[in-house]
Amino acid sequence: MSAEPVPARPPRPHRDPWYVRWLLVGLTFGIVGVLIVVPLVSVFAQATAKGLGTYWSNLVSNPDTRHAVFLTLMVAPVAVALNVVGGIAAAWAIARFRFPGRSVLITLIDLPFSVSPVVAGLVFVLIFGLQTPLGVWLRDNGYQVIFAPPALVLATAFVTFPFVARELIPVLEAVGPEEELAARSLGASGWQLFWRITVPNIKWGLLYGVILCNARAMGEFGAVYVVSGRIEGETDTMPLRVQKLWEGSDNPAAFALASVLTLLALVTLVLKVLIEPKVRAEQTAPNPPAQVPE
Amino acid sequence: MSAGVSRRALPGFGIGLGYAIAYLALLVLIPLAACLVKAASLGPDEFLAAAWTPRARSAYALTFGVSLVAALVNVVLGCVVAWSLVRYEFPGKRVIDALVDVPLALPTAVAGLVYASLYVKTGWLGQFLEPLGIQAAYSRLGIVLVLVFTGFPFVVRTVQPVLADLDAEFEEAAAVLGASRWQTFRRVIVPTLVPAALTGFALALARGLGEYGSVVFISSNKIFETEIAPMLVLVRLEEYAYAEAAAVATVLLGFSFVLLAAINYLERRSKRHVG
């Protein structure tokens, strides 16, 4: 018995024996090291294996690679923007109201996560391909959908749809409708309510969803592969370009471009770690319950 | 949880729900229905001839097998990592915690590319396997390895919160009642973790079943050996055999729907367990 003040609760029996602790922590370092750290280091090592000069020229001197970067920077934001609008609409209806079929809608939002990206691409080929009347009609009227940027956007939006809505539903539910109801009773219009109350209340959750959605959109391979037709310098996005360089046995160039994608992923993760506490604050700081007017 | 607001109290129910349903229908539901319609245009015999050939069956079996093995490996790895992250303090813990999410953010093509280069005979990791007579790249083992990578975060992230919420009092009570450390682990901790670990397992499995981007780099894509089902869809598509591609895709979609239902059920059950 020591003279020190008694702790509020007895020492946790978490104190596993030292050899268990060392073994498990060692295994953790081993697992994360082999699965994740070694591959990350290897990407940059192989990208810069022939020197930084070659690395840079691999990135900027090839017009097809430059176009792939440009295309990814065009396609991903459009797909993300579509999903932000769709996600906010779905989250608003689901978090604020009760209606028949609500739980079905929640399940449907998750659907794209469990569909293979290849199947996601295939469905758009089946609709817009030149073997269909619609595809022929579109071509005759000068609209190229499949093997062109519109199909890239559609396939990317399909695969990344759940991110924004999934992130927003719990945040909206936690924030609660009280402030919005108050604004409404003071005569705010729908838009005022949305921009002045809802958006500021959910901004971190929204940003979080956008960041995750964007990371997946920029990195999407399977779905985009199917609908792109893989036309060099036209419909190759960055991940598709990586594969083409690799198939052409131009490993340093493939890894150079892969290193850019890896950097984007790491930036995403840093932003994620920075934003997470703010999202959690939004989720766990509900307003005092108010009377819901009937 | 709020019980929902009267539709007259707040605006935007009609436009929000309407837009969400229209968007979901145009982007997801109608395209998926188009796939089913295309596959149904074949008729039962032709459908079987397209989607149930020996080549297709071996592709399903491989896809399912490698995804299953990878998901099982991930349950073990994920529980070890989640356990260390929740219950111990060690230097670099926050970095490790953040690194767990890398597979969610890293494009699958990059994962496939770098795994293929790591596990070839002369690669950083393949050189250690080569003397043991293990060929990792361009084999089934390679597919499992890259699927372990892509599915890694799921079990960690489902088990972590449950382990953190696990009340120390249960363990204390067990200890006071005379349970040994091992008994406490088996009788108190493991049963609490099982639903969460199962959810993570199902998520990793679902991810593995559909995975294409990373596998295409590390697999040799040989028929009957290392050809996964999504690859077969593409092969049919490149032959302009649209209905046959849709038929194989329909079987894949069937797997997805079953798993999605299972995941929904598990998530609801584990939520009840925690809450």
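No value in this document is a laboratory result; all are computed from the given coordinates. These figures come from a predicted structure and were not determined experimentally. Using ideal geometry, Cβ is built from the backbone for each residue, glycine included, and neighbour counts are taken over all protein chains shown.
Couple of notes before you dig in:
- Chain B - percent relative contact order, Cα under 8 Å, separation 6 or more: 29
- Taking each DSSP H run with n ≥ 4 as -39500 (n - 2.57) and averaging over every residue of chain B yields -23000 deg cm²/dmol at 222 nm.
- The alpha carbon radius of gyration of chain B, expressed as a multiple of 2.2 N^0.38 Å, is 1.22.
- Förster radius 35 Å - calculated FRET efficiency between A:Asp64 and A:Asp140, Cβ distance, rounded to 0.05: 0.75
- For chain B, size of Cβ-based charge dipole, Lys and Arg +1, Asp and Glu -1, in debye: 460
- Contact order, relative form, for chain A: 29 percent (alpha carbon pairs under 8 Å, 6 or more residues apart, mean separation divided by residue count).
- Residues B:Arg57 and A:Asp250, FRET efficiency given R0 of 41 Å [Cβ-Cβ distance, rounded to 0.05]: 0.65
- Diffusion coefficient of segment A:136-294 by Stokes-Einstein, Kirkwood radius over Cα pairs, 4 °C, 1.567 mPa s: 69 µm²/s.
- Listed cross-link partners A:Lys50/B:Lys93; B:Lys38/B:Lys222; B:Lys121/B:Lys222; A:Lys203/A:Lys244; A:Lys244/A:Lys278 are compared with a 30 Å cut-off, the Cα-Cα value being larger for A:Lys50/B:Lys93; A:Lys203/A:Lys244; A:Lys244/A:Lys278.
- Counted charge near A:Arg196, where neighbours are those whose Cβ lies closer than 15 Å (Asp, Glu -1; Lys, Arg +1): -1
- Pairwise alpha-carbon distances in segment B:1-110 exceed 19 Å for 76% of all pairs.
- Cα gyration tensor category, rounded, prolate or oblate, for segment A:23-86 with a/c compared to 1.5: oblate
- Residues in segment A:24-40 that a label on B:Ala175 would reach, taking backbone N under 17 Å of a point 7 Å out along Cα→Cβ: none
- Size of chain A as Cα extents on the principal axes (Å, biggest first): 73, 61, 32
- With contributions of -39500 (n - 2.57) from each DSSP H run of at least four residues, the per-residue ellipticity at 222 nm computed over chain A stands at -23000 deg cm²/dmol.
- More than 43 angstrom apart: percent of Cα pairs within the protein assembly as shown: 23
- Charge dipole (Cα centre; +1 on Lys/Arg Cβ, -1 on Asp/Glu Cβ; no other charges) of segment B:127-216 amounts to roughly 300 debye.
- Cα-based shape type of segment B:134-269, given that a ≥ b ≥ c are square roots of the gyration tensor eigenvalues and the cut on a/c is 1.5: prolate
- Hull volume in cubic angstrom per residue (convex hull over the Cα atoms of segment A:33-157): 196
- Of the peptides A:100-109, A:27-36, the ranking by mean beta-carbon count within 10 Å, highest at the top, reads A:27-36, A:100-109.
- Separation of alpha-carbon centers, segment B:90-127 and segment B:184-212, rounded to whole Å: 22
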